[in-house]
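**Student:** Quick one: this structure, given as structure tokens, is what I'll be asking you about.
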Amino acid sequence: MRNLTEFGAFVEVEEDIDGLIHISDMSWSKRIKHPSEVLKKGDVVEAMVLSIDAENQRLSLGLKQLATDIWDDFFTRHHVGDIIEGKVTRMDELRRVRRARRGDRRAHSRVGIR
């Protein structure tokens, strides 16, 4: 890990070649406000190459892509019409956000307020 910014972390993948792990590619389920919640300067990380822009010399990397996508996992176990139990974790004027829990697995779903 070379440097942390508000929007991500720069990783030296080879000498003089850095890639960016954008904050949105760090976790499937955590709402990360700053990359320092997940990484620190000097960390050695394994990341997936998401895109290469050779013309602009940019390399996009991802951490979450190496883990199971909680959304894919949730949708393979649940279908339209299933009844699930969840805990309201946040609320605003337009919708509720629930956290459904089954064993140790967690997923989020949005439900309109009536």
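**Student:** Sorted by mean Cβ packing within 10 Å, highest first, what order do the peptides 3-12, 80-89, 26-35 take?
**Tutor:** Descending packing order for the listed peptides: 3-12, 26-35, 80-89.
**Student:** Count the net charge of all other residues whose Cβ sits under 12 Å from the Cβ of Q57, scoring Lys and Arg as +1 and Asp and Glu as -1.
**Tutor:** -3
None of the figures in this text is laboratory data; all of them are computed from the coordinates on show. Given the structure is predicted, the values throughout are model-derived calculations rather than measurements. Ideal geometry is used to build each Cβ from the backbone, glycine not excepted, and the neighbour counts take in all protein chains shown.
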